[in-house]
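Here the structure is laid out as structure tokens; the discussion comes afterwards.
No value in this document is a laboratory result; all are computed from the given coordinates. Owing to the predicted nature of the structure, the values given are computational and were not obtained by experimental measurement. Neighbour counts run over all protein chains shown; Cβ positions are idealised from the backbone, glycine included.
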Amino acid sequence: MEKAGIRAAVVTGASSGIGLEISRRLCELGYEVHGIGRDFSGTMADEGMRYFAEQGRFCPVVCDVLETDKLCALVRDIAAHSGVSVLVNNAGIGYYGLHEELGPKKISMMVRTNLEVPLILTQQLLRSLKKNAGFVINISSVTAKQSSPHGCAYGATKAGLAGFSRSLSDEVRRYGVKVVSVFPDMTKTGLYRNADFGVGEEEDSYLLPEDVADAVQSVLTARDGVVITEVALRPQIHRIQRKRRGD
Ligand SMILES: NC(=O)c1ccc[n+]([C@@H]2O[C@H](COP(=O)([O-])OP(=O)(O)OC[C@H]3O[C@@H](n4cnc5c(N)ncnc54)[C@H](OP(=O)(O)O)[C@@H]3O)[C@@H](O)[C@H]2O)c1
């Protein structure tokens, strides 16, 4: 049940990068944000997020999203106490390189984190989202829309997530639920920690997490009756930077 006047949101991967900025924006918009992640030590060093946490607006939920039973119990509890109006499926990991060199463990972790978890979480929260005519916002990637050599498996998980969004949108729109895919291009976050490349040096060669939060805000504030189903975000120029050994 929704608390009087306060809408609740669940954001996965809320401890850093894009999920952290989306969480901050949701708090600013007046949501009570239940942010899921494994390590909030860096997040809580952020004065703004500490303030929202002290106000009870940002609730860090420590959970590995791959622990399915624990995750499901946690979100069911959140839905029972707060009702959920917004689910942002954002937690994700990327391993890059030649597909033959990835290995089964990395492939499985990407498929589970980037695709299985959003499917399960959405299923767990749909009843609450229908009741509140809410939003499912899936953070996909431009790699879902194009060929991604050296990111074949990552791109496949993001294309799968976009396909899920499209079908779910048609399944639930009659119930007032809005399903949205966001397709960011290279964004300056820690996502490329496992890669031998990162974002370019020029400011117009990458997105900032705040840019993705802007897109989420415009989706959430569209006129009632309008659903923005897809948002693609690209930097002005395309540039990546090869890392030197030790970077
Ligand atoms: N950066 C880009 O260029 C880019 C472009 C397109 C799409 N995206 C997508 O944007 C999303 C956010 O990524 P980001 O760029 O912000 O990278 P990031 O800074 O590395 O953030 C990833 C987030 O996912 C969480 N996470 C990962 N595995 C988890 C697990 N097993 N359990 C709980 N939380 C987990 C991390 O939290 P903990 O470490 O605390 O667990 C972290 O908060 C991802 O889905 C990514 O694919 C990113």
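Things worth noting here:
- Residue within segment 154-165 that is surrounded by fewer than 17 Cβ atoms within 10 Å (Cβ to Cβ) and under 18 Å from the mean Cα position of the chain (by Cα) present: yes
- Search result, residues across segment 12-30 that are more than 9 Å from the ligand (Cβ to nearest atom), in a loop (DSSP other than H, G, I, E, B) and closer than 14 Å to ALA213 by Cα: LEU29
- Number of positions in segment 36-72 that are hydrophobic (A, V, I, L, M, F, W, C), away from the ligand (no atom under 15 Å from the Cβ) and surrounded by fewer than 13 Cβ atoms within 10 Å (Cβ to Cβ): 0
- Wholly within segment 79-180, helices (runs of 4 or more DSSP H) carrying at least 2 residues that are away from the ligand (no atom under 11 Å from the Cβ), out of contact with any Leu (no Cβ under 9 Å at 6 or more places or on another chain) and closer than 24 Å to LEU26 by Cβ: 117-131, 152-172
- Selected residue (criterion: surrounded by the fewest Cβ atoms within 10 Å (Cβ to Cβ)) from residues of segment 194-247 that are in a strand (DSSP E or B) and touching a Leu at 6+ places or on another chain (Cβ under 8 Å): LEU233
- Cβ pairs under 9 Å, 6+ apart, first in segment 134-149 and in contact (Cβ under 8 Å) with a residue 60 or more places away in the chain, second near the ligand (Cβ under 9 Å from one of its atoms) and of a type in the set (Gly, Ala, Ser): ILE139/GLY13; ILE139/GLY19; ILE139/ALA91; ILE139/GLY92
- Scan of segment 212-247 for residues that are closer than 20 Å to ASP170 by Cβ and without any contact (Cβ under 8 Å) to a residue 40 or more places away in the chain, ordered by number: ALA222, ASP224, GLY225, VAL226
- The single residue among LYS178, LYS188 that is touching a Pro at 6+ places or on another chain (Cβ under 9 Å) and among the basic types (Lys, Arg) turns out to be LYS188.
- Residues being without any contact (Cβ under 8 Å) to a residue 40 or more places away in the chain, more than 20 Å from VAL65 (Cα to Cα) and buried (at least 24 other Cβ atoms within 10 Å of the Cβ) - total across segment 16-35: 0
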